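First up is the structure itself, then whatever we jot down about it.
The values are calculated or read from the model by the stated rules, or taken from the named source; none is laboratory data. Given the structure is predicted, the values throughout are model-derived calculations rather than measurements. Methodologically, a virtual Cβ is constructed for each residue, glycine included, from the backbone with ideal geometry; neighbour enumeration extends over all protein chains shown.
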Number of protein chains: 2
Amino acid sequence: MDYGFSEIDAYVKRCISLNEDEWEIWHNVLERGMVKRKEHLLREGEICRYEYYVIKGCLRSYYLDEKGNEVNIMFPVEDWWVGDLISFTDQVPSQLNIEAMEDSELWMISREHKEMLFERVPAFERMFRLMIQRSLAGVQQRLYATIAQPAELRYQHFIEKYPSIPLRIPQHHIASYLGITPEFLSKIRRKGRKG
Amino acid sequence: MDYGFSEIDAYVKRCISLNEDEWEIWHNVLERGMVKRKEHLLREGEICRYEYYVIKGCLRSYYLDEKGNEVNIMFPVEDWWVGDLISFTDQVPSQLNIEAMEDSELWMISREHKEMLFERVPAFERMFRLMIQRSLAGVQQRLYATIAQPAELRYQHFIEKYPSIPLRIPQHHIASYLGITPEFLSKIRRKGRKG
């Protein structure tokens with residue numbers, strides 16, 4: 001019987017090897033979650049109690065800027081992990097908001113379960129190191145783009161990195177990710193099609 | 001005889017426990033480095049060949065923005081690690097620049113040595129997971145501050161986080177870290193002293 005472990009287990013297998021007992025421990029720490037479109041998994045000020053793995057669906061994470069505007073940070077889709085690491089690790093209020101853009105199916109792991117997992121199956125240290133490494137690369141790239149890249153280049157990299165996102169996410173959210181107005185995004189897209 | 005391992009070994013001990021053989025492997029993967037004030041460890045476009053642990057000294061990492069201005073990202077001091085993770089991991093050109101602000105003593109670990117270390121002493125997966133986790137928290141915070149916090153608050157958090165930095169780093173570099181002009185930084189500092 002398929003309990004929906006196939007995607008997340010494939011993720012694990014790309015990083016580490018486990019024996020049968022270890023697979024069982026792994027499956028036991030996971031909790032299944034569902035979130036409806038427009039529902040929030042996390043809001044600024046709340047404690048992030050879970051890290052989420054996206055089985056199916058699309059989310060967005062965003063900050064609120066000084067004026068209360070939403071600034072999109074990432075669009076986690078299938079096979080991504082999402083959460084507010086600082087809030088999750090230190091159990092302090094989150095700065096991040098996470099909202100579902102589509103009805104989404106998730107695996108969730110709590111802090112207690114994650115600590116237990118590391119204790120009982122140290123190989124997961126490697127998997128989560130690689131996972132965090134990928135996140136760090138993403139946030140580092142996001143910071144670099146925010147500081148150093150012109151909007152056209154940011155859009156080009158965005159399309160290369162997330163080819164499916166423009167079909168799944170409204171334009172104004174992509175504009176917010178890129179730090180530009182929706183009008184300017186349309187202009188870049190028109191130029192891109194001509195070029 | 002002290003080969004200068006005491007600080008970095010204390011760092012290791014805060015994360016993991018090792019036996020005598022494992023300590024030897026650890027010491028063998030480390031290379032000693034020195035860098036003079038104003039020398040660069042890494043420039044944009046180069047491949048980042050090492051991760052650096054600061055024994056003594058102070059560095060700064062920065063990006064060049066669209067107009068070629070330097071935007072400071074971090075001021076690694078004693079007991080910090082620094083490097084360009086994406087460049088180091090994937091051996092692609094770095095986006096980051098790293099310059100010494102003081103004559104600095106370093107431990108360096110190459111990618112080959114790090115891989116060998118993980119193979120021979122898997123406990124280091126945990127240490128580097130925790131290290132990356134701290135870096136991710138730092139970059140995430142940096143991105144949030146860049147997007148969402150007013151300059152006064154960014155300055156206040158900066159002082160709390162790096163109490164020794166204002167004595168070690170010229171004002172204009174701190175202003176560049178905060179994304180404001182040196183004049184505006186002076187104004188904030190004067191206001192802070194009155195308040």
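Cβ separations smaller than 6 Å between residues 6+ apart or across chains give the following pairs from the range A:176-195 residues that are in contact (Cβ under 8 Å) with a residue 60 or more places away in the chain to residues that are outside any helix (DSSP H, G or I) and polar (S, T, N, Q): A:Ser176/A:Asn72; A:Tyr177/A:Asn72.
Matching residues to (1) within 12 Å of A:Leu106 (Cβ to Cβ); (2) touching a Phe, Trp or Tyr at 6+ places or on another chain (Cβ under 8 Å):
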site: A:Leu18; (1), (2): no, yes
site: A:Glu39; (1), (2): yes, no
site: A:Tyr53; (1), (2): yes, yes
site: A:Gly57; (1), (2): yes, no
site: A:Trp81; (1), (2): yes, yes
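Determine whether A:Arg32 is surrounded by fewer than 13 Cβ atoms within 10 Å (Cβ to Cβ), in contact (Cβ under 8 Å) with a residue 60 or more places away in the chain and in contact with a Leu (Cβ under 9 Å, 6 or more places away or on another chain). When the stated conditions are applied, A:Arg32 passes them. Answer with yes or no whether A:Tyr62 is among the aromatic types (Phe, Trp, Tyr), closer than 18 Å to A:Leu136 by Cα, in contact (Cβ under 8 Å) with a residue 12 or more places away in the chain and surrounded by 20 or more Cβ atoms within 10 Å (Cβ to Cβ). Criteria met by A:Tyr62.
You will find that of B:Ile86, B:Ile73, the residue that is under 18 Å from A:Ala137 (Cα atoms), within 11 Å of the chain's Cα centre (by Cα) and modelled with pLDDT under 95 is B:Ile73 and no other.
Filtered by the rule that a residue be surrounded by fewer than 20 Cβ atoms within 10 Å (Cβ to Cβ) and hydrophobic (A, V, I, L, M, F, W, C), the range A:124-144 gives A:Leu130, A:Met131, A:Ala137. Screening B:Tyr50 with (1) modelled with pLDDT of 95 or more; (2) at positive phi gives one miss only, at (2). Quick test of your reading of the structure: B:Tyr11 fulfils all but one of (1) within 14 Å of chain A (Cβ to nearest Cβ); (2) not in a strand (DSSP E or B). Name the failing condition by number. That leaves (1) as the condition not met.
If you scan the range A:177-195, which residues turn out to be within 11 Å of A:Gln156 (Cβ to Cβ) and modelled with pLDDT under 80? Correct list: A:Gly192, A:Gly195.
Of all residues in the range A:45-61, which are of a type in the set (A, V, I, L, M) and over 9 Å from the mean Cα position of the chain (by Cα)? A:Ile47, A:Ile55, listed by residue number.
Looking at B:Ala145, B:Ala151, B:Ala137, which one is within 12 Å of chain A (Cβ to nearest Cβ), closer than 18 Å to A:Leu130 by Cβ and modelled with pLDDT under 90? Every option except B:Ala137 fails the conditions. The residue that is nearest to the other protein chains (Cβ to nearest Cβ), among those in the range A:65-113 that are hydroxyl-bearing (Ser, Thr, Tyr) and either in a loop (DSSP other than H, G, I, E, B) or surrounded by fewer than 19 Cβ atoms within 10 Å (Cβ to Cβ) (or both), is A:Thr89.
Has the range B:25-39 got at least one residue that is in a strand (DSSP E or B) and farther than 30 Å from B:Gln171 by Cβ?
If we filter the range B:25-39 for residues that are in a strand (DSSP E or B), which is where we start, we get B:31-35.
Among the residues that remain, those that are also farther than 30 Å from B:Gln171 by Cβ are: B:31-32.
Yes; the residues of the range B:25-39 include at least one that is in a strand (DSSP E or B) and farther than 30 Å from B:Gln171 by Cβ.
The residues of the range B:154-185 that are surrounded by 17 or more Cβ atoms within 10 Å (Cβ to Cβ), within 14 Å of another protein chain (Cβ to nearest Cβ) and either within 15 Å of the chain's Cα centre (by Cα) or in a loop (DSSP other than H, G, I, E, B) (or both), listed by number, are B:Tyr177, B:Ile180. Keeping to the range B:117-130, report how many residues are free of Cβ contacts under 8 Å to residues at least 60 places away in the same chain and more than 9 Å from chain A (Cβ to nearest Cβ). Result for the range B:117-130: 1.
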